[in-house]
Amino acid sequence: MIFNTYWFILFAAVVVPVYWLLRKSFLRLPFLAVACVVFHFHFAGPAGMAPIIALGVLTYAAGLTRNRLACAVGIALSVLALVFYKYIHFLTGGVLTLINPGWADAVEKSAKGILPGAPPLAVSFFVFEFVHYLYEVRKGAAPLKNPLQFVLFSIFFPTLVAGPIKRFQQFVPSLEEGARNVGMEDVAAGFRRIAIGFIKKVVIADNLTLAIAYYAPLTPDGSVAQFAAMTLTARWFVFILIAMRILMDFSGYSDIAIGLARLLGVKLPENFNWPYAAKSIQEFWQRWHISLSSWIRDYVYIPLGGSRHGLARKIFNGLFAFALCGLWHGPAWNFVVWGLYHGVGLAVCANYAAIPGLGPRLQGWLEKSPKLCWVSTQLFAWFGWLLFFYPLPQAIAMARLLFNA
Amino acid sequence: MTAAEIFRELRSTLAPKTVLVGVLVGFVGLCLLGRRAAREDLHKDFTRFTQWVSPETKYYVTVNEMMSIVRTKAKPGQILVIVGGNSVFRGVGQPPDQLWTKRLQENLGDAYCVVNFAFNGSGITDGGAVAAEALRKEFPKQIYMANAAPTQWPIPDGTITYRFVYWDAYHKGLLIDDPARTATINHFNALPPYSGGFKELTMREQLDRWFYFQDYWNDVTFAQFNTVWGFYTLGPTKFLRARKTYPDPEPDFLKMTMATRYLEANLEAEMVNVRGCSVYAYNKDADGKWQPYAPIWDQFTEYIKSTVPAELKKRTLIVLSRNSPYYIERLAPDERERDNLAYVDAVKKWKEGGYESIDYGRDFLIEDYGDRTHLTWQGGAKLSGIIADKVREMSQNLGYLPAK
């Protein structure tokens with residue numbers, strides 16, 4: 001994690017107090033932009049920065065034109081860049097090979113000379129924010145004319161690595177307000193949030209990571225034999241550790257990002273809201289990685305038609321949006337399966353009441369049993385983490401082992 | 001009251017100024033506690049570093065901590081003998097009451113104070129070497145020793161796992177400023193894998209110079225409660241226990257069968273390791289005689305020039321530890337000859353470089369070894385006799401003892 005490197009601690013220890021001391025917003029914002037560039041350069045390097053600069057310039061320019069076609073082209077190029085940097089090996093090795101191995105080989109070879117060793121740092125977050133920006137401008141929102149505002153929206157250091165995914169209409173006014181009026185209340189709230197985030201990430205999640213490695217439910221040779229050799233109680237214990245670890249890790253990171261922004265007077269959107277308290281799948285996704293799920297809703301699900309064209313289309317749109325949501329987490333099939341799993345869960349959850357006869361009775365029964373709703377929702381979400389972290393056959397084997405003594 | 005309500009309550013009752021003052025006071029307070037911890041000896045009745053006090057379990061021993069151990073153990077006027085090196089010198093397979101350095105202390109008597117600062121997998125310049133150098137003014141009568149394999153490259157700031165100790169001492173201003181050593185360190189740290197994480201490491205140690213966070217955390221985790229899960233911690237229900245309560249887990253090789261100590265399944269892999277001690281360092285000439293392979297030996301000779309500063313070389317004993325005869329006897333006769341040559345030549349090179357050096361193990365029995373490299377406590381007792389003689393000789397030569 002970048003936030004617990006010594007470099008970052010020193011960086012923040014210099015940048016934040018200087019930002020406070022500058023006092024005038026016309027000084028604070030350029031200073032913050034320079035700091036963000038330094039941060040991005042340090043962690044991404046020139047090779048990681050170059051594609052983001054190119055995409056950023058393109059997005060800014062396309063936005064300024066307010067031309068619908070230019071914005072659409074900008075969106076397409078951003079998405080293509082994401083596909084190229086993050087998914088090309090997946091598409092050639094996992095998809096194109098099945099169609100024509102020769103084509104897959106040719107694409108791999110031609111990409112090899114151009115692709116960097118690793119995708120540019122946080123390319124998925126950049127692309128999602130650029131797509132959001134161009135989509136909104138294309139729909140009629142006023143673009144950001146001030147390049148400084150656009151730079152800060154693009155590479156605002158607290159959110160640069162792992163979000164939350166920002167919306168420029170909320171972010172820019174908050175940035176301006178923060179630069180004008182950051183006060184003691186913000187600073188205290190920021191420190192509190194950062195402390196909570198570090199406890200969740202470093203004290204809880206990092207220890208859970210070590211504990212999961214210690215139990216090794218999946219050994220490096222891909223076997224679940226060690227998981228099978230555990231007692232049933234131990235298997236459930238590890239299962240709970242896996243679910244708690246991802247929540248603490250990711251929400252801790254978001255807390256630190258939100259807290260850091262608050263130290264600068266900037267209020268970021270919340271990313272988590274007690275997701276393990278959700279009593280339905282819909283509610284879970286209103287509480288888990290909120291900035292991503294709302295992005296998927298606004299820029300994939302609704303543009304596809306949402307729920308406007310009948311039940312079949314609504315289910316298809318949901319499945320497609322969630323498959324993309326899964327794929328966004330990484331270029332591998334298990335993420336797609338995880339996304340589809342949640343898509344199916346949501347489809348069932350949103351539509352079961354419409355099943356003639358059984359549906360209304362089931363709905364009535366569930367409404368009287370909130371604890372059962374909570375348990376079933378959480379079990380569904382937590383079994384999903386097996387799909388998220390492990391290859392499909394092993395995830396299924398582990399899930400079965402949770403019910404076999 | 002739910003957790004959400006508790007947080008809401010906290011937010012509404014904690015005034016911003018209170019929070020800020022709390023953050024500042026808390027930070028300064030922790031730094032002061034760290035500073036205090038740096039001066040205290042955590043490890044009363046110290047025998048050796050266990051797995052619980054090692055990077056294996058994410059415990060990073062500080063140079064202050066090692067210096068405090070020495071200050072507690074050593075009496076004024078004693079000759080300080082610091083033992084560094086790897087698991088062989090740490091005494092893997094020897095129970096704490098039979099540890100070879102305990103025998104060494106008994107052999108040497110009260111004129112000496114022996115402290116075992118060896119770590120598993122560490123090298124000549126790790127941990128103990130740094131502590132000895134940092135204590136050179138306080139304990140000018142000192143001998144530092146470490147074990148090594150022949151032609152093992154000594155990196156002056158230590159192996160990647162343990163170099164944090166060197167940089168800890170460096171940033172606290174405890175080391176000799178030696179340009180030759182600095183040049184070699186810069187050479188290594190510009191190359192992968194040594195370059196990886198180096199900037200973060202030095203930044204951490206620079207900050208720790210002011211804030212003492214490592215000493216504070218070590219104090220908490222050793223004496224009060226552990227905060228980090230590890231592969232060697234005591235399971236999910238006990239991992240929070242203070243590390244001082246953990247037992248020294250070393251098994252006794254002599255209570256294990258020979259078949260367990262010399263696993264048949266590992267034979268091939270271990271033979272590769274044994275041959276690796278010499279195979280790259282020699283070639284056969286036209287007459288079929290082994291000749292040193294110049295690039296390896298030249299590089300080795302170059303590196304040992306700056307392993308430690310010149311003024312510390314004479315008090316540094318490099319001990320070349322031979323492999324168990326169980327494996328040596330399985331080598332072909334010419335391989336055995338090459339293996340022996342490697343040890344003899346390495347001792348010679350170290351001596352030519354200005355150090356003291358000996359090797360051991362040539363006349364040891366299979367039973368003296370617990371496995372390929374580690375000694376049983378019986379083998380350790382033999383080793384302590386050899387080392388004690390050498391330490392006395394060095395003490396005489398260095399003028400630590402009255403002239404005979």
| query | Based on DSSP H runs of at least 4 residues, each adding -39500 (n - 2.57), what is the mean residue ellipticity at 222 nm of the protein assembly as shown after dividing by all its residues, to the nearest 500 deg cm²/dmol? | reply | -18000 deg cm²/dmol
| Angstrom value of the Kirkwood radius, inverse mean 1/r, which spans all Cα pairs in chain A | 23.1
| query | What is the set of long-range amide H partners of residue B:79 at a cut-off below 5 Å, with H atoms built 1.01 Å from backbone N? | reply | B:112, B:113
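List the pairs from B:313/B:348; A:267/A:314; B:102/B:382; A:86/B:58; B:73/B:238; B:255/B:390 whose alpha-carbon separation is above 24 Å, in the order I gave them.
Result: A:267/A:314; A:86/B:58; B:73/B:238; B:255/B:390 exceed 24 Å.
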| request: With an 8 Å cut-off on Cα pairs and a minimum separation of 6 or more residues, tell me the relative contact order of the range B:320-404 in percent. | output: 31
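How high is the FRET efficiency between residue B:72 and residue B:18 when r is their beta carbon distance and R₀ equals 41 Å, given to the nearest 0.05? Working shown, then result.
Working: r = 41 Å, r/R0 = 1.01.
After rounding, the FRET efficiency stands at 0.50.
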| query | For the range A:275-405, what is the convex hull volume of its Cα atoms per residue in Å³? | reply | 122
| message | Out of all Cα-Cα pairs in chain B, roughly what percent, to the nearest whole number, are more than 36 Å apart? | response | 30
| task | Compute the long axis of helix A:168-181 from its Cα atoms, compare it with the longest principal axis of the Cα atoms of chain A, and write down the angle in degrees, 0 to 90, nearest 10. | result | 50
| Per residue of B:198-209, how many C-beta atoms from partner chains lie within 10 Å of its own C-beta, taken as a mean? | 2
| said: Test of understanding: ordering B:258, B:145, B:271 by Cβ neighbours within 10 Å, fewest first, what list do you get? | reply: B:258, B:271, B:145
| query | Can you work out D for the protein assembly as shown in µm² s⁻¹ from Stokes-Einstein, where Rh is the Kirkwood radius over C-alpha pairs, the temperature is 10 °C and the viscosity is 1.306 mPa s? | reply | 51
| task | Compute the separation of the alpha-carbon centres of the range A:348-405 and the range B:251-270 and state it in Å as a whole number. | result | 51
| Which trypsin sites (Lys or Arg not before Pro) does the range A:242-309 hold that lie in a coil by DSSP with at most 10 other beta carbons within 10 Å? | A:308
| remark: Quick calc, residue A:361 & residue B:190: beta-carbon distance into FRET formula, R0 60 Å, rounding 0.05, result 0.25
| query | What list of ³J(HN,Hα) values in whole Hz, one per residue of the range B:246-263 in order, does the Karplus curve 6.51 cos²θ - 1.76 cosθ + 1.60 (θ = phi - 60°) give from phi, with Gly and Pro shown as x? | reply | 6, x, 6, x, 4, x, 9, 3, 6, 8, 9, 6, 4, 5, 6, 6, 10, 5
| task | Scan around residue B:369 for amide H atoms under 5 Å from its own, H built in the peptide plane at 1.01 Å from N, and keep only partners 5 or more places away or cross-chain. | result | B:376
| note | Neighbour-count ranking for B:374, A:329 (other C-beta within 10 angstrom, fewest to most) reads A:329, B:374
| note | the range A:148-211: Kirkwood hydrodynamic radius (Cα pairs, Å) comes out at 13.8
| query | Roughly what would the spin-label model give for residue A:282 and residue B:248, points 7 Å off Cα along C-beta, in nm? | reply | 6.6
| query | Per-residue HN-Hα couplings for the range A:193-202, Karplus 6.51 cos²θ - 1.76 cosθ + 1.60 at θ = phi - 60°, whole Hz, x for Gly and Pro? | reply | 5, 5, 4, 4, x, 5, 5, 5, 7, 7
| Phi-based couplings in Hz for the range A:100-107 (Karplus 6.51, -1.76, 1.60; Gly and Pro marked x) | 8, x, x, 5, 4, 5, 5, 5
| query | Between residue A:368 and residue A:4, how many nm apart are label points set 7 Å from Cα along the C-beta direction? | reply | 4.8
| request: Using +1 at the Cβ of each Lys and Arg and -1 at the Cβ of each Asp and Glu in the protein assembly as shown, identify which of B:350, A:182, A:343 lies farthest towards the dipole's positive end. | output: A:182
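How many Cβ atoms of partner chains, on average, are near each residue of A:212-222 if near means within 10 Å of its Cβ?
Numbers: counts 1, 3, 8, 1, 1, 0, 0, 0, 0, 0, 0.
Per residue, the number of nearby Cβ atoms from other chains is 1 on average.
Only helices at least 20 Å long along their axis, Cα-based, and averaging 0.5 or more on Kyte-Doolittle count here, so list those DSSP H runs from chain B.
Helix filter hits for chain B: B:16-39.
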| query | Contour minus end-to-end for residue A:38 and residue A:99, with contour as 0.36 nm per residue of separation and end-to-end as the Cα-Cα distance? | reply | 17.5 nm
| said: Among DSSP bridges having both ends in chain B, what percentage is antiparallel? Round to the nearest 5. | reply: 20
| message | As a footprinting exposure proxy, order B:390, A:109 by other Cβ within 10 Å, with the fewest listed first. | response | A:109, B:390
| remark: Per-residue average of other protein chain Cβ atoms inside 10 Å, peptide A:187-198 -> 3
| request: Compute the distance in nm between two label points, each set 7 Å from the Cα along the Cα-to-Cβ direction, one at residue A:232 and one at residue A:392. | output: 2.9
| For the range B:200-221 and the range B:88-138, distance of Cα centres in Å | 24
| remark: Nearest 10, in degrees from 0 to 90: the angle of helix A:358-367 to the longest Cα principal axis of chain A is 70
| At R0 = 56 Å, FRET efficiency that the Cβ-Cβ distance of residue B:183 and residue A:348 yields, to 0.05 | 0.25
| remark: Projected onto the charge dipole of the protein assembly as shown (unit charges on the beta-carbon of Lys, Arg, Asp and Glu, signs +1, +1, -1, -1), the Cα from A:114, B:402, B:294 with the largest positive-side position is that of A:114
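Readers should treat all values here as calculations from the given coordinates under stated rules, not as data from a laboratory. On a predicted model such as this, the values are computed, not experimentally measured, just so you know. Reconstructed Cβ throughout: ideal geometry from the backbone, glycine too, with neighbour counts over all protein chains shown.
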